[in-house]
Amino acid sequence: MTDLSDELLPHGLLPEALLPETRRALLHRLAVGQAQGRTPSLVGAVMRGGRMVWSGARSMIEGHAPDANVQYRIGSISKTFTAVLVLRLRDEGLLDLADPLEQHLPGTVAGRATIRELLCHAAGLSSETPGPWWERTPGSLRPELADLLEEQPFRHPAGERFHYSNPGYALLGALVERLRGEPWGEVLRQEVLEPLGLTRTTLLPQSPHAGGFAVHPWADVMLPEPLTDTGAMGPAGQLWSTAADLCRWAAFLLAGDEKVLATDTLAEMRRPAVGPEGDWTACYGLGLQLARRNGRVLVGHGGSMPGFLAGLWLSEEDDVAAVTLANVTSGTPTSTIAADLVSIVAEREPRFPAPWRPFTDADPQLLALTGPWYWGPNPVALHLRAGRALELTELGSAARASRFRPEPDGSWTGLDGYYAGEPLRVVHAADGTVSHLDLGSFVLTREPYGPAEAIPGGVDPQGWHAG
């Protein structure tokens, strides 16, 4: 078990150590998972505050548990890396997520699917390739993109529903290769792995690494699984990594890194992109899975390949992530265990909020806008935040506040909820004073339905009266 107590944070402080009882609870959860899942080995790690603060392992070999530097195959967690490469292309202006694949990668039978649909598994493509089973056979059996899809690959109308597609992510990897002019794995190394210091994340295993096994369902015996290079299917599930590297990856997915991808783009990846809009328990973003577990929203991805299972979940609210890696084909719920590790830390050692501090750049004109406003008779309150940002709350309601970012033209744009993307503008009267606020055509005034001249449809000349 490792606490990385010698790893310094950028400002010279040691990462906050977990309490002994928390560490024991984490290791106990791994021990239960390894025993009940009958897995040769199970590694877990926790990230908090941008750093790995704990790792532990259990193994079938007494005194020989792997550490956080041992490679395991991570399966579909590879898709999160592929999605980042695609969004880099979008942010550089080389493509739009609404573009059909055919526009950039002509000649495939899936050309009408959009890049966004492929990213969030809404293109309706088949889940798997035509035989043989791609996860257990070499990629040399599928040398061309045409080998990855049937002649009629669509199982559902595009855009109508979530339908997980491994070949869809192979197509996204091929898209990266076409626009970059280099193999997907090389682009990944240059643009993501090296800048983030993920030196133990590779296409093929590098020592020390675990061997993959299947465990007999009715007897405690094992069978080695083949370690294959899946070729063109690599962007869907080829990568090998370690608990330490995946903690760094989780920190990146949470906070971003301008060398690789902006914070706003990572936030876009973490939002639901397909699936139920209401009270959902699981859905998909742009290359990331989302789930409601143990009373919190988790973002990450699971992974499986013959001989290996993996799970990575992060809680943005708690600033905690957990990774689990197992070298078994089935039976060990690594995603559930990772979610439990997040809960153990978040519940036993809740995050300290950042200290309140005043900001010194308050514009008097913006300060004058704060306080109560009314949408018709409904009271709301406008708050000024740092960086000229605004926040709108409903008075007397538990509804979440709506945040607005300032724009160069003096307006604001909604960031979340009903007003996401909607403009907020200050409207002045003829004498230069503030008349009202226009929020996506909703009029907010300083008095309920007043001044009358600002209210769409006018106001009864009698004004407020008793019936």
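Quick notes
- Taking residues in region 406-431 that are not assigned by TED's automatic domain parsing to the domain that holds residue 387, and partners anywhere that are surrounded by 14 or more Cβ atoms within 10 Å (Cβ to Cβ), not one pair has Cβ atoms closer than 6 Å while being at least 6 places apart or on different chains.
- Residue count for region 297-345 satisfying the condition of being of a type in the set (Phe, Trp, Tyr) and either assigned to a loop (DSSP other than H, G, I, E, B) or in contact (Cβ under 8 Å) with a residue 40 or more places away in the chain (or both): 1.
- Once region 139-181 is narrowed to residues that are of a type in the set (S, T, N, Q) and not in a helix (DSSP H, G or I), the residue that is modelled with the lowest pLDDT is 152.
Quick grid of which residues meet (1) of a type in the set (Ser, Thr, Tyr); (2) touching a Gly at 6+ places or on another chain (Cβ under 9 Å):
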{"residue": "214", "(1), (2)": "no, yes"}
{"residue": "221", "(1), (2)": "no, no"}
{"residue": "249", "(1), (2)": "no, no"}
{"residue": "263", "(1), (2)": "yes, yes"}
{"residue": "271", "(1), (2)": "no, yes"}
{"residue": "282", "(1), (2)": "no, yes"}
{"residue": "306", "(1), (2)": "no, yes"}
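- Any chance residue 250 is farther than 28 Å from residue 49 by Cα and either modelled with pLDDT under 95 or assigned to a helix (DSSP H, G or I) (or both): no
- When residue 93 is tested against (1) touching a residue at least 12 places away in the same chain (Cβ under 8 Å); (2) farther than 30 Å from residue 219 by Cβ, exactly one condition is not met: (1).
- Residue count for region 346-373, restricted to those that are more than 25 Å from the chain's Cα centre (by Cα) and in a helix (DSSP H, G or I): 4.
- So residue 236, is it of a type in the set (A, V, I, L, M), more than 19 Å from residue 119 (Cα to Cα) and over 13 Å from the mean Cα position of the chain (by Cα): no
- Of all residues in region 421-441 being over 41 Å from the mean Cα position of the chain (by Cα) and in a loop (DSSP other than H, G, I, E, B), the one that is surrounded by the most Cβ atoms within 10 Å (Cβ to Cβ): 429
- Within region 145-159, residues that are over 21 Å from residue 234 (Cα atoms) sit with their Cβ atoms under 7 Å from residues that are hydroxyl-bearing (Ser, Thr, Tyr) and surrounded by 14 or more Cβ atoms within 10 Å (Cβ to Cβ), at 6+ positions apart or across chains, in these pairs: 155/126.
- Look at region 205-222: where a residue is in a loop (DSSP other than H, G, I, E, B) and a partner is surrounded by 15 or more Cβ atoms within 10 Å (Cβ to Cβ) and of a type in the set (Asp, Glu), sitting 6+ places away or on another chain with Cβ atoms under 9 Å, you get 208/67; 211/225; 212/225.
- Among (1) modelled with pLDDT of 95 or more; (2) more than 22 Å from residue 97 (Cα to Cα), the one test that residue 184 misses: (2)
The values are calculated or read from the model by the stated rules, or taken from the named source; none is laboratory data. Since we're looking at a predicted model, the values are computed, not measured. All Cβ positions, even for glycine, are placed from backbone atoms using ideal geometry, and neighbour counts span all protein chains on display.
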